[in-house]
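Encoded as structure tokens, the structure appears first; notes follow it.
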Amino acid sequence: MTPTDAALVRQVLAGHTEAFAALVDRYHAACLRVATNLLGNPDDAEDVVQDSFVRAYRHLGSYQERDKFGAWLTRIVVNQCRTRASREARYVPFDHERPAADAGVLADRLSAPPDVEQRERAAELRHALAQLGPEQREAVVLRFGEEMSYEEMAALTGVGVSALKMRVQRACARLRTLLSEQLFS
């Protein structure tokens, strides 16, 4: 039987630090996907994820069992991405030379596109998403890439549900414009 996240956290807090490796194994891919989608650079995303796991380990005592561990950890990742972005005063542009599996940006949800047309659409989506501002990109990534409800997004970001709905709405409108421009250019 696989231990729950809460059970693993209790083990770590009781001194069995090796139990944290199970949490890392369980959440690394999802955290990396979020960070890559927000930062656009797989190398920066990996750094942020490593920093996030270190921060999570150091602050494990503040984790509340009533919260989902994955949501708590994702909040740390998003905040680390924000910190990195503000330190650089902007989100890093996407590296369009990397394959879709590395660059992510919702393409993870498409899985590995089997044909050329789907790969081109995924690349167009990555390019358009890279042109959104950080708040809109974050909202779209959390809503559609991570399939979070607005309530989950609000709890994670500290932004109100109505503001998040507006960000997603405006981001979708902007994406439609950008994608149609790419289609007809």
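Derivation of every value follows stated rules applied to the coordinates shown; laboratory data play no part. All figures in this text were calculated on a predicted structure; none of them were measured in a lab. Reconstructed Cβ throughout: ideal geometry from the backbone, glycine too, with neighbour counts over all protein chains shown.
Which net charge results when you count Lys and Arg as +1 and Asp and Glu as -1 among the other residues whose beta-carbon is under 12 Å from that of THR2?
Summing Lys and Arg as +1 and Asp and Glu as -1 gives -1.
Please find the FRET efficiency linking ARG10 to GLU151, where r is the Cβ-Cβ separation and R0 is fixed at 35 Å, and quote it to the nearest 0.05.
After rounding to 0.05, the efficiency reads 0.85.
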